[in-house]
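One structure below.
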Amino acid sequence: MGINESYYAFMDEGWATTLEYLIGISENGKKAADEFYKNFRVKRWINGPHTNENPIITPSPDVKFGAGNNSYGKPSLSYLALKDMLGDDLFKKALHTYMNNWNGKHPIPWDYFNSMKSGSGKNLDWFFYNWFYTPNYIDLDLNKVVQKTKDTQELYINNIGGFAVPFDVLVTHIDGSVNTYHQTPAIWEKNQKQIVLTIRTGTEIMSIAIDGGIFMDADLKNNNWIAN
């Protein structure tokens, strides 16, 4: 594809960053690839100020704050979030649709959006708006945990930063065992500000935490709940 990188850098550099990460998993294992990705692509952005964020869709010459973040880390995270939500097979099918549609041509961002929608057969408008048209960042807040029944808990999670990110719910039981409940970005489709997640915990629990992995959280202090 012939991409105008000087105008929409994320269409090139975001994919380069994503493929670098996926190749790193294959060559060095997921743990090492995750650490490299977080250290070089996410930490500086997520630990910086977010009051002046520009949406990713902002043309590169017009980005006033964090141009590197808009070209590399943020779009890469959007691609990986979409991969998590669609699953590997459907994501690959949609990506190949994009590649086949625009092989030897000059796509712009809306060509990518439309190809991924048609290739996956999913309405992804809400997802692309969330990631590309807003000045969002990543900050989840495990606001409240309510005992619903003897074996179930309701988790009230606020999306302070706004991005539709995947995350894991880590439930630590009193016997030391830990259960992991993965949530894809689809959980934010209906309400991108707050969700109420019901999980079956079984035996008595000691603590609950939310962990985004490479989708690093700007404020980790509100990601944990400890039973009284």
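Rule-based calculations on the coordinates, nothing more; no lab input. Given the structure is predicted, the values throughout are model-derived calculations rather than measurements. Neighbour counts are summed over all protein chains in view; Cβ atoms, including those assigned to glycine, are modelled from backbone coordinates with ideal geometry.
Brief remarks on what is shown
- On the principal axes of its alpha carbon atoms, the chain extends 59, 36, 36 Å, with the longest extent given first.
- The chain - percent relative contact order, Cα under 8 Å, separation 6 or more: 20 percent
- A full extension of the chain between Ala218 and Glu204 corresponds to an added length of 2.0 nm, given 0.36 nm per residue minus the alpha carbon distance.
- Quarter the surface of the alpha carbon convex hull of the stretch 58-123 and you get the mean projected area, 5.0 square nanometres.
- Calculated mean residue ellipticity, 222 nm, the chain: -10500 deg cm²/dmol, from DSSP H runs (n ≥ 4) at -39500 (n - 2.57) each, averaged per residue and rounded to 500.
- Shown here for the stretch 56-102: trypsin sites (Lys or Arg not before Pro) in loop regions (DSSP other than H, G, I, E, B) with at most 12 other Cβ atoms within 10 Å, namely Lys64.
- Efficiency of FRET between Lys93 and Ala32 - r from beta-carbon atoms, R0 35 angstrom, step 0.05: 0.75
- Amide H partners (placed H, <5 Å) of Glu53, local residues excluded: none
- Our analysis of the stretch 10-132 gives Rg over Rh at 0.96, with the two radii drawn from alpha carbon positions and Rh computed by the Kirkwood formula.
- For the stretch 1-98, the relative contact order is 36 percent, taking Cα pairs closer than 8 Å that sit 6 or more residues apart in sequence and dividing their mean separation by the residue count.
- Dipole magnitude of the stretch 167-228, debye to nearest 20 (Cβ charges: Lys/Arg +1, Asp/Glu -1, about Cα centre): 220 debye
- Burial order of peptide ranges 108-119, 170-181 (average beta-carbon count within 10 Å, highest first): 108-119, 170-181
- Here r is the Cβ-Cβ distance between Asp62 and Val146 and R0 is 30 Å; the resulting FRET efficiency, rounded to 0.05, is 0.10.
- ³J(HN,Hα) computed for each position of the stretch 101-116 - Karplus, 6.51 cos²θ - 1.76 cosθ + 1.60, integer Hz, glycine/proline x: 5, 10, 4, x, 10, 10, x, 10, x, 5, 5, 5, 4, 5, 5, 5
- Residue order, fewest to most surrounding Cβ atoms within 10 angstrom, among Leu124, Leu197: Leu197, Leu124
- Between Ser76, Trp102, Ser115, the Cα set farthest toward the positive side of the dipole of the stretch 10-132 (charges on each charged residue's Cβ, about the Cα centre) is that of Ser76.
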